[in-house]
Amino acid sequence: EVQLQASGGGLVQAGGSLRLSCAAPGFTFDDYAVGWFRQAPGKEREGISCISSSNGGTYYADSVKGRFTIFSDNAKNTVYLQMNYLKAEDTAVYYCGARIVPLCLPDLIYNYWGQGTQVTVSS
């Protein structure tokens, strides 16, 4: 069983940057696709980004496209979400999930999850 850990959140001012990390003991990115999600207060969890180990394909939600970048460090078996030009609207708890079908397919089926990391953006 894969137990993912999202980390790297914090408090930043609008226009600032954060880099989130997703990793787990025994996690091998080569076997999965990994997605990032966020849940703002009073809102449902939303898909933000995804990266596929199978074909290298990536996905970005329109709300973050051009500002966020997902990438992997296979030597460290870690997936990152680089967040630039942060806005107050980005404030949420961010989660990562892994798919055993290693493609960023629109079925949005992620088999493994973990605790999220809080991102707070102040104006």
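The values are calculated or read from the model by the stated rules, or taken from the named source; none is laboratory data. Predicted model only: the values in this text are computed from it and were never measured. When we count neighbours, we look across all protein chains shown, and the Cβ atoms used for this are built from the backbone with ideal geometry, even at glycine. Areas reflect the complete protein model, heavy atoms only, side chains present, ligands, DNA and RNA absent. Shrake-Rupley method; radii C 1.70, N 1.55, O 1.52, S 1.80 Å.
What tally of residues in the range 84-102 results from selecting those that are closer than 16 Å to Ala61 by Cα and touching a Ser or Thr at 6+ places or on another chain (Cβ under 6 Å)?
Adding up the residues that qualify gives 3.
Between a residue in the range 7-24 that is on the phi > 0 side of the Ramachandran plot and any residue that is not in a strand (DSSP E or B), which pairs come within a Cβ distance under 9 Å, given they are 6 or more apart or on different chains?
Gly15/Asn84; Gly15/Tyr85; Gly15/Leu86; Gly15/Lys87
Which pairs do you get when a residue that is in a strand (DSSP E or B), found in the range 95-123, comes within reach of a residue that is basic (Lys, Arg), reach meaning Cβ atoms under 8 angstrom, with the pair 6+ apart or on two chains?
Pairs found: Tyr95/Arg38; Tyr95/Arg45; Val119/Arg38; Val121/Lys87.
Please state which one of Phe71, Phe37 is open to solvent by 30 Å² or more (accessible area, probe 1.4 Å) and modelled with pLDDT of 95 or more.
Phe71
Any chance the range 46-67 includes a residue that's more than 22 Å from Leu105 (Cβ to Cβ), at pLDDT below 95 and under 15 Å from the mean Cα position of the chain (by Cα)?
The answer is no; no qualifying residue exists.
Can you tell me which residues in the range 40-66 are open to solvent by less than 20 Å² (accessible area, probe 1.4 Å), in a strand (DSSP E or B) and within 14 Å of Glu89 (Cα to Cα)?
Ile48 - this is the single residue of the range 40-66 that is open to solvent by less than 20 Å² (accessible area, probe 1.4 Å), in a strand (DSSP E or B) and within 14 Å of Glu89 (Cα to Cα).
Can you find, within the range 25-34, the residue that is nearest to the chain's Cα centre (by Cα) among those that are part of a loop (DSSP other than H, G, I, E, B) and surrounded by 14 or more Cβ atoms within 10 Å (Cβ to Cβ)?
Tyr32
For the condition touching a Gly at 6+ places or on another chain (Cβ under 8 Å) and of a type in the set (Phe, Trp, Tyr), what is the one hit in Phe37, Phe71?
Checking each option against the conditions leaves just Phe37.
Restricting attention to the range 10-24, which residues are assigned to a strand (DSSP E or B) and aliphatic (A, V, I, L, M)? Spell out the reasoning first.
Within the range 10-24, the subset assigned to a strand (DSSP E or B) is 10-13, 18-23.
If the condition is that a residue be assigned to a strand (DSSP E or B) and aliphatic (A, V, I, L, M), then Leu11, Val12, Leu18, Leu20, Ala23 are the ones that fit.
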